[in-house]
Amino acid sequence: MLTPKQSGWFMLAWFSFQIVLALLAGLIGTEASALWQGVLGLAGNLVPVLLAYIIYRIKRGHITAAQRAVHSFIPMNRPKIDLLIYAAALGILVQPAAMLISALSSAFDSGSIETINQIAAESPPAAALAALAVIPAITEELVARGVALNGFKGVSPVKAALVNGLIFGLMHMNLRQFFYAFALGALLAMLVIKGGNVIYAVIVHFVLNASQISLVPAIFSIMSEEAAAMGYLLVLPLSVWGVIVIYRHFGRKAEEQTREGARAFGPGLLIYVILSGLIMVSEFL
């Protein structure tokens, strides 16, 4: 089992790899496209996870059962069919809340949002779905709710979820996406803690992104962003009710595995938070 300190160093390593990848992408000068976005998503998230897993296995060389090692590295309890269905429904029900938070934070405009919208508009639907929904849902969840969250089993579930939300918000490296990514990350972290499998977060993430690609552009084509935000505000109570009901269906109480003196913030995580925060703020300086 990973520790909070190890998760923190992993996130710092992930962050460092993103910087290197961004520099290489800048040198290549490739235009925004679904293919390029997919390649960046796969490389940027899977490479750090695979390298971390190799190091993890080397340090646990006496373990011969691969399944056991994977399970202790990433939450992978046997999934339940009803929870998979609930997760898909949750991906739809959190949409109004996510879009409302995004609209309220629109003052922190970001070029990354324009790039995402451009890719979604100019790419074939299947390519846009793969690059902006399938790949991020799998790879980002392996990073945030897989490796990073699994190191916080010794921390109280609520604290672990909030810290994981902060980690996920900072992963987007822009203030426009930070706020809803923080809230979504904390919710998904609690679902994984309660359900014991990262697949639930993958499903919610995919459904949410897929609906944003298909439904949100259609909504904005017939009304202004301000009017859409007002509509999201009106349906927000239904969204909150649905989240509470479905969340309760995840049933079992989060396991209390806290260790006395366990700290959520180690040196690696603190450095990651500071550097990521500086990057987000720098675009407005």
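We did not get these values from a lab; they are worked out from the coordinates using the rules stated. Small disclaimer: the values here were computed from a predicted structure and weren't measured. We place every Cβ from the backbone using ideal geometry, glycine too, and count neighbours over all the protein chains shown.
Values computed for the structure shown
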| item | result |
| --- | --- |
| Charge context of Leu269, other residues only, Cβ under 12 angstrom, K/R +1, D/E -1 | +2 |
| Asn197 long-range amide H proximity, modeled H, under 5 Å | Asn77 |
| Whole-number D in µm²/s for segment 51-210 (Stokes-Einstein; Kirkwood sum over Cα pairs; 37 °C, 0.692 mPa s) | 198 µm²/s |
| Helical segments meeting 24 Å axial Cα length and Kyte-Doolittle 1.0 threshold in the chain (DSSP H) | 4-28, 34-59, 175-195, 199-222, 225-248 |
| Peptides ranked, highest mean first, by Cβ atoms within 10 Å: ranges 191-198, 40-47 | 191-198, 40-47 |
| Lys, Arg +1 and Asp, Glu -1 on Cβ, resulting dipole of segment 4-282 about Cα centre, debye, nearest 20 | 1440 debye |
| When segment 122-222 is reduced to its Cα atoms, the Kirkwood hydrodynamic radius in Å | 14.0 Å |
| Surrounding net charge for Ile167, when Lys and Arg each add one and Asp and Glu each subtract one, Cβ distance under 13 Å | 0 |
| Value of [θ]222 nm, deg cm²/dmol, for the chain, DSSP H segments ≥ 4, -39500 (n - 2.57) each, nearest 500 | -24000 deg cm²/dmol |
| Whole-Å semi-axes of the ellipsoid equivalent to the chain (Cα gyration tensor, √5λ, descending) | 29, 24, 18 |
